[in-house]
Ligand SMILES: NC(=O)C1=CN([C@@H]2O[C@H](COP(=O)(O)OP(=O)(O)OC[C@H]3O[C@@H](n4cnc5c(N)ncnc54)[C@H](O)[C@@H]3O)[C@@H](O)[C@H]2O)C=CC1
Ligand SMILES: O=C(CO)COP(=O)(O)O
C-alpha cells in the first residue's frame, strides 16, 4: 500500500535533483534515485550535487536511494526525470516494482526515439491503469534550485491527481498550475527544444535580433500547426508549456539546446558541442521525431526540418538559413490556424 504523500524522484541529474529538493523543502517525504550509486553516496554525504547543480545546498530531509525497488516501494507518486532516450526502459524496470496504487508523473521532455510516440503513450502501454501526469513549463533547474520565481504546469486526465501533484510542488517561489491537456503540454515541451537550436544557430551566426524574433514567432506557428493536427488545445501551446518554454529556451543561455545552436552557428562540430555541454541535449533526438510526426500528418515545418538537417550534417547552418529565407512569399496564415481541419 503506497503512502500518497511520499514522492520518489527517478533521475539525479539537474532537473531531477532540483525537483526533489523543491518537494523535500515543501515538506514532502522525498527519495531521490539515480543510476550512479557512487554519485548518490557523495550527494548524501556532502548534501550537494557537484556535477549537475553545483552550489545548491540540498535539504537535510532528502533521502538518497540507489536501489530502484527500494526507492519506489510505498511511494504514492513516482516522478521520472531521466532523459527521453532512457524513458521506455525505466518504465519496463518499474512495471514489476510498483505498488498497485502508485501514480506516475514525468518531467522528461521529448518522444520515444525512433517512433515519435509521446511519453504518455509509453506510460499508458507499460504502466496502464494508473493516474499519470506530466510536469512541464519554463523552468531552468539552476534557477528553481536557487529559489528564483518560476511557474510550471501539471497536466493529467485525472484532475485530482494533477491537483495533488501541483500542490506537492507549489511553493512561495514556485507556482504550479494544473490542466488536462497532456498531449499539448508534452508537445510544447518537446518542440521548444528543437526551436531553441534554430534561434541559437541564428544568434551564433550573429544574424541579429529581428532574426531571433522571427524564428521564435514562426517556430510558435509550427508548434501550433502540429499541435492542432495532433489534437492539442491551442491555449495549452500558448501557455507555460508551449510559448512560455519556447521564449525561455530560445532566449536564455542556460538552455543546453540553445547553447548547442549557438555552437553550431559559430562553426563548432555537433559532437564537440554536445561534449562541451556535458548534459542531456534533447533536441538531438527530438528533431527527428518532430519531423516524423509532421510528415505523418502531411505538414511542412521548415524550421524544425532545417534544424534536423543541420543536426544530421545534411546542410550547414548557412545553407539552412538560405533555404529558410528563400522560401516562396506567402500569406502569414494561409489557412485559419484555429479553424477545424
Ligand atoms: N535541466 C532543466 O532545466 C530541465 C530539464 N528538463 C528535462 O528533464 C530531463 C532530464 O534532464 P536533466 O536532468 O536536465 O539532464 P542532466 O543531463 O542534467 O541529467 C541527466 C541524468 O539522467 C541520468 N541518466 C542518463 N541515462 C540514464 C538511464 N539510462 N537511466 C537512468 N538515468 C539516466 C544521468 O545519469 C543524469 O543523472 C530531460 O528530458 C530534460 O529535457 C525539463 C525541465 C527543466
Ligand atoms: O526545459 C528546460 C527549461 O524549461 C531546459 O532547457 P534545456 O534542456 O535546453 O537546457
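Readers should treat all values here as calculations from the given coordinates under stated rules, not as data from a laboratory. Note that the structure is predicted; figures quoted are calculated from it, not measured. Here Cβ is always computed from backbone atoms with ideal geometry, including for glycine, and neighbour counts include all displayed protein chains.
For a test of the definition: using alpha carbon positions, the gyration tensor, and the 1.5 limit on a/c, classify the chain as rounded, prolate or oblate. Since a/c reaches 1.5 and a/b is larger than b/c, the shape of the chain is classed as prolate. Considering only alpha-carbon pairs that sit under 8 angstrom and 6 or more positions apart, the relative contact order computed for region 183-326 is 32 percent. For the chain, the 222 nm mean residue ellipticity estimated from helices alone, with every DSSP H stretch of n ≥ 4 adding -39500 (n - 2.57) and the total spread over all residues, rounds to -14500 deg cm²/dmol. Normalised by the residues of the chain, what does the relative contact order come to in percent, with Cα pairs under 8 Å and at least six apart? Worked out over the chain, it gives 14 percent. Considering only alpha-carbon pairs that sit under 8 angstrom and 6 or more positions apart, the relative contact order computed for region 78-182 is 21 percent. Distance between the modelled labels on residue 319 and residue 47, one decimal in nanometres: 5.5 nm (7 Å Cα→Cβ projection).
Going by how many other Cβ atoms sit within 10 Å of their own, how do 197, 318 line up, fewest first?
Placing the least packed residue first, the sequence is 318, 197.
Neighbour counts of C-beta atoms inside 10 Å place 245, 92 in the sequence 92, 245, starting with the fewest.
A straight chain from residue 100 to residue 266 at 0.36 nm per residue would run longer than the Cα-Cα distance by 54.6 nm. Here the extension length gained between residue 69 and residue 328 equals 87.6 nm, from 0.36 nm per residue of separation less the Cα-Cα distance. To the nearest ten degrees, helix 283-296 and the longest principal axis of the Cα atoms of the chain are 60 degrees apart.
When the chain is treated as a Gaussian network with alpha carbon springs shorter than 10 Å, the biggest mean-square fluctuation among 126, 322, 109 belongs to 322. Sorting 266, 330 from the fewest to the most surrounding beta carbons within 10 angstrom yields 330, 266. For the chain, the longest principal axis of the Cα atoms and the long axis of helix 159-169 meet at an angle of about 80 degrees. Helix 256-265: angle to the longest alpha-carbon principal axis of the chain, degrees 0 to 90, nearest 10? For helix 256-265, the angle is close to 30 degrees.
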